[in-house]
Amino acid sequence: MATHPPVIAVVGPTASGKTGLSIALAKEFDGEIISMDSALVYRGMDIGTAKPDLAERAGVNHHLIDVIDPTEAYSAARFRSDTLALVEQIRARGKLPIITGGTMLYFKALREGLDDLPQADPELREELEADAQARGWPALHADLARLDPATAQRLAPGDSQRIGRALEIIRITGKPMSDSLQRTPQPLPFELRALSLEPGDRAVLHERITRRFDAMLAAGLIEEVKALRERYILHSNLPSMRCVGYRQAWEFLDGTINQTQMRETGIIATRQLAKRQLTWLRGMTELTRIDCLRTDLHAAARQEVNNF
């Protein structure tokens, strides 16, 4: 680490300006960007993920964007492995790695390492999915609350992916996931310094979220999801289709909600996502926090990177 400057991370809630700031910093400090976004990994999911387009990416190498199809899954474990390898490659080119995104589970996995948990069991997962279809995910969340109160407390009743995983671990190991978590941190082979973009006024961030969601609708979010459904064999429980915006567009195309409801629930879901991201960040230490609403954000961030 003595021969290299720190690796930079730019984190924050959705609509906090991470993409624009990261690109500006990459141009200023001769960097390359590693995406830390669980939705940007999917090919063909451009509008609803606010994926930077080719013009925005011009002149700056971006990694971990468009790496899998929407039918596939990408894990925190794979993100950590891919990122460690990419940091080494970027440094070998004499560039500054800049890790940017709002998937807090990925950020936690990168900083602390991964829990020692069993691999997924496809057959068991199918059983849990069938149970959820019959009784609903809130009922499975209630099951989890009886079996593993600590894990259930931090999961929303509709968080199907994580509820299913927690119940799967209980059935495989015979003990709660909270008992199975590895407590020994796995140190990074480099120094990581993080800029956390957090709003001084939550209401202003909510306004940004509303404007951005409306812009996505105007840009063709519904048509994008329709095209994905025609191109791939998809279902609503895939991680890709559970992404905020895509879930609501799917329900609209299925006729379960109208366009007004889709817009309202999409905006609400995005605000809830931002709230969860901020909760993660405020529980983390060793972050340099910057108000993402300040007018001199780029200059302030540039100064912080210089101080690193």
Problem set entry | All positions within the range 1-49 that are more than 19 Å from A301 (Cβ to Cβ) and either free of Cβ contacts under 8 Å to residues at least 40 places away in the same chain or hydrophobic (A, V, I, L, M, F, W, C) (or both) | M1, A2, T3, A39, L40, V41, R43, M45, I47
Exercise. Out of curiosity, is R212 at pLDDT 95 or above, surrounded by 15 or more Cβ atoms within 10 Å (Cβ to Cβ) and touching a helix residue (DSSP H, G or I) at 6+ places or on another chain (Cβ under 9 Å)?
Worked result: yes
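Return the residues of the range 183-209 that are modelled with pLDDT under 90 and more than 22 Å from the chain's Cα centre (by Cα); say none if nothing qualifies. Outline the logic, then answer.
Narrowing the range 183-209 to residues modelled with pLDDT under 90: 183-187.
Of everything in the range 183-209, those that are modelled with pLDDT under 90 and more than 22 Å from the chain's Cα centre (by Cα) turn out to be R183, T184.
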Exercise. Is it the case that R171 is surrounded by fewer than 16 Cβ atoms within 10 Å (Cβ to Cβ), part of a helix (DSSP H, G or I) and at pLDDT 90 or above?
Worked result: no
For this session: Please give the number of the condition A152 fails out of (1) assigned by TED's automatic domain parsing to the domain that holds V60; (2) surrounded by 16 or more Cβ atoms within 10 Å (Cβ to Cβ); (3) touching a helix residue (DSSP H, G or I) at 6+ places or on another chain (Cβ under 8 Å).
Result: (1)
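Might you check whether a residue that is closer than 19 Å to I68 by Cβ, in the same structural domain as G20 (by TED's automatic domain parsing) and not hydrophobic (A, V, I, L, M, F, W, C) occurs anywhere in the range 246-259? Even if it seems obvious, please write down each step before you answer.
Our first condition is that a residue be closer than 19 Å to I68 by Cβ; within the range 246-259, this holds for 246-247, 250.
After this cut, where a residue has to be in the same structural domain as G20 (by TED's automatic domain parsing) as well, the list is 246-247, 250.
Still in the running and not hydrophobic (A, V, I, L, M, F, W, C): 246-247.
Yes, the conditions are met somewhere in the range 246-259.
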Problem set entry | Residues within the range 195-233 that are farther than 30 Å from G283 by Cα and touching a residue at least 12 places away in the same chain (Cβ under 8 Å), tallied | 16
For this session: Hey, could you check the range 1-18 for residues that are of a type in the set (V, I, T) and part of a loop (DSSP other than H, G, I, E, B) and say which is surrounded by the fewest Cβ atoms within 10 Å (Cβ to Cβ)?
Result: T3
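In this structure, is T256 within 20 Å of S160 (Cβ to Cβ) and in a loop (DSSP other than H, G, I, E, B)?
In short, yes.
Yes or no, residue by residue, for (1) among the basic types (K, R); (2) outside any loop (DSSP other than H, G, I, E, B); (3) touching a residue at least 24 places away in the same chain (Cβ under 8 Å):
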| residue | (1), (2), (3) |
| --- | --- |
| Y106 | no, yes, yes |
| A109 | no, yes, yes |
| P118 | no, no, yes |
| E123 | no, yes, no |
| E126 | no, yes, no |
| E129 | no, yes, yes |
| A145 | no, yes, no |
| T151 | no, yes, yes |
Exercise. So which of R231, R146 ends up being over 23 Å from the mean Cα position of the chain (by Cα) and in the same structural domain as E129 (by TED's automatic domain parsing)?
Worked result: R146
Problem set entry | the range 19-42: number of residues that are hydrophobic (A, V, I, L, M, F, W, C) and assigned to a loop (DSSP other than H, G, I, E, B) | 4
For this session: Check the range 78-93 and report whether any residue there is within 28 Å of T270 (Cβ to Cβ), more than 16 Å from the chain's Cα centre (by Cα) and acidic (D, E).
Result: no
Exercise. Right, Q303: over 27 Å from I68 (Cα atoms), part of a helix (DSSP H, G or I) and of a type outside the set (A, V, I, L, M) or not?
Worked result: yes
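Rundown of residues vs (1) outside the structural domain of L21 (by TED's automatic domain parsing); (2) within 23 Å of V244 (Cα to Cα), yes/no style:
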position: G102; (1), (2): no, yes
position: R135; (1), (2): yes, no
position: H141; (1), (2): yes, yes
position: G158; (1), (2): yes, yes
position: Q161; (1), (2): yes, yes
position: G164; (1), (2): yes, yes
position: P176; (1), (2): yes, no
Seminar exercise, completed: Within the range 43-91, the count of residues that are in a helix (DSSP H, G or I) and aromatic (F, W, Y) comes to 1
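The values are calculated or read from the model by the stated rules, or taken from the named source; none is laboratory data. Please read these numbers as outputs of a predicted model, since none were measured by experiment. Heads up, the Cβs are rebuilt from the backbone with ideal geometry, glycines too, and the neighbour counts pull from every protein chain shown.
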